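Q: Okay, here's the structure, questions in a sec.
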Amino acid sequence: MLHSRHFHQPHNQQKPTLVFLHGLLGSGEDWSATLDRLHSFSCITIDLPGHGQSVEMTCYDFDDCCDMISKALIAHLPKAQPIVIIGYSMGGRIAMHGAATCRFSALNLQGLVIEGGNFGLLDAENKQKRLSNDERWAERFIHEPIEQVLIDWYQQGVFSSLNHEQKQLLQLKRSANLGCSIAKVLLATSLAKQQHLLAALTRLAIPMHYVCGEKDTKFSQIAFKSGLRYSKVSGAGHNVHQECPEQFAQVVHQFVNGFYEREIE
């Protein structure tokens with residue numbers, strides 16, 4: 001079963017439990033600065049397959065990963081406990097897939113907060129290019145020292161808002177990962193294998209909020225074009241919850257309190 005950690009308040013059906021899904025190369029620990037600012041909520045962090053203390057767990061595709069998340073939550077939550085899933089990057093894509101395809105139907109999902117998550121690719125040629133790119137990275141993670149791969153990984157455009165020192169700190173932190181495990185989950189959850197989810201997401205009965213960083217041009221445009229409600233956080237790049245945890249926590253507070261208090265009145 002996927003590793004999870006619980007924080008703050010006991011689970012209370014008068015208020016949703018917040019469930020946090022990290023990005024590629026991360027772990028539940030990535031949310032610590034955000035959790036420090038969300039003491040009024042019960043929170044759960046999950047280490048996704050191949051990461052953190054779930055490093056020996058393997059998922060085969062998006063459905064499999066979502067089923068593993070559901071199983072972990074059902075085992076640790078009171079029956080019918082309302083939840084809001086908050087996902088970053090890869091974790092956001094997994095969260096959107098689970099909601100859009102009803103893989104979380106056994107959970108009492110009440111809302112989604114997606115940070116820097118891609119809705120999917122429409123063009124077959126772009127999907128093939130992405131798959132080839134992910135396969136090259138996977139080969140490197142398998143066969144090269146992870147420290148060397150990470151130097152090049154953080155040169156990608158999505159991390160352009162980070163300065164040299166920030167990149168070095170991330171390279172050091174992420175070097176604890178196992179390259180083979182990262183390669184497996186990278187391919188299992190490749191954007192090339194993801195459905196384009198936006199249309200299905202807009203039909204969901206539950207509320208959804210998108211978060212992006214002001215300096216993250218690509219995902220700011222994705223958020224704007226989506227038609228969804230979104231927050232653009234000043235001073236942040238792709239990883240808002242680590243670069244600006246106070247602002248990110250405020251967005252979560254406003255989103256959850258805004259819709260949930262109305263429901264229980």
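Results for (1) touching a helix residue (DSSP H, G or I) at 6+ places or on another chain (Cβ under 8 Å); (2) among the hydrophobic types (A, V, I, L, M, F, W, C), shown as yes or no for each residue.
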site	(1), (2)
MET57	yes, yes
PHE62	yes, yes
ALA80	no, yes
LEU112	yes, yes
ASP123	no, no
ASN133	no, no
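Q: State all residues of the stretch 152-162 that are surrounded by 13 or more Cβ atoms within 10 Å (Cβ to Cβ) and either more than 15 Å from LEU24 (Cβ to Cβ) or assigned by TED's automatic domain parsing to the domain that holds LEU24 (or both); if no residue qualifies, say none.
A: The answer is SER160, SER161, LEU162.
Q: If you go through the stretch 125-169, how many residues are aliphatic (A, V, I, L, M), at pLDDT below 95 and in contact with a Phe, Trp or Tyr (Cβ under 9 Å, 6 or more places away or on another chain)? Write out each step before concluding.
A: Within the stretch 125-169, the first condition is being aliphatic (A, V, I, L, M), and the residues that meet it are 131, 138, 142, 146, 149-151, 158, 162, 169.
Now restrict to residues that are at pLDDT below 95: 158, 162, 169.
When the remaining residues are screened for being in contact with a Phe, Trp or Tyr (Cβ under 9 Å, 6 or more places away or on another chain), the result is 158, 162.
Total satisfying the criteria: 2.
Q: Would you be able to say whether some residue in the stretch 27-40 is of a type in the set (Ser, Thr, Tyr), in a loop (DSSP other than H, G, I, E, B) and at pLDDT below 95?
A: Scanning the stretch 27-40, I find at least one residue that is of a type in the set (Ser, Thr, Tyr), in a loop (DSSP other than H, G, I, E, B) and at pLDDT below 95, so the answer is yes.
Q: In the stretch 197-218, how many residues are of a type in the set (Val, Ile, Thr) and closer than 12 Å to VAL240 by Cβ?
A: Summing the residues that are of a type in the set (Val, Ile, Thr) and closer than 12 Å to VAL240 by Cβ in the stretch 197-218 gives 1.
Q: Here's a follow-up. Against the condition among the polar types (S, T, N, Q), surrounded by 22 or more Cβ atoms within 10 Å (Cβ to Cβ) and part of a strand (DSSP E or B), how does THR45 come out, does it pass?
A: yes
Q: Identify the residue in the stretch 67-120 that is surrounded by fewer than 20 Cβ atoms within 10 Å (Cβ to Cβ) and in a strand (DSSP E or B) and, among all such residues, is farthest from the chain's Cα centre (by Cα).
A: Going through the qualifying residues, I end up with ASN108.
Q: Let me ask you something else. If you go through the stretch 71-115 one residue at a time, how many are within 18 Å of LEU201 (Cβ to Cβ), of a type outside the set (Phe, Trp, Tyr) and without any contact (Cβ under 8 Å) to a residue 40 or more places away in the chain?
A: Taking the stretch 71-115 first, the residues within 18 Å of LEU201 (Cβ to Cβ) are 83-105, 107, 109-115.
From what is left, the residues that are of a type outside the set (Phe, Trp, Tyr) are 83-87, 89-103, 105, 107, 109-115.
Those still in the list that are without any contact (Cβ under 8 Å) to a residue 40 or more places away in the chain too: 98, 102, 105, 107.
Number satisfying all stated conditions: 4.
Q: While we're here: Looking only at the stretch 170-190, decide whether some residue is in contact (Cβ under 8 Å) with a residue 60 or more places away in the chain, touching a Cys at 6+ places or on another chain (Cβ under 7 Å) and not aliphatic (A, V, I, L, M).
A: yes
Q: Would you check if there is a residue in the stretch 164-174 being acidic (Asp, Glu), crowded, with 18+ Cβ neighbours inside 10 Å and not in a loop (DSSP other than H, G, I, E, B)?
A: Within the stretch 164-174, not a single residue is acidic (Asp, Glu), crowded, with 18+ Cβ neighbours inside 10 Å and not in a loop (DSSP other than H, G, I, E, B).
The values are calculated or read from the model by the stated rules, or taken from the named source; none is laboratory data. None of these values were measured; they are calculated from a predicted model. In this analysis, Cβ positions are derived from the backbone assuming ideal geometry, glycine residues included, and neighbour counts consider all displayed protein chains.
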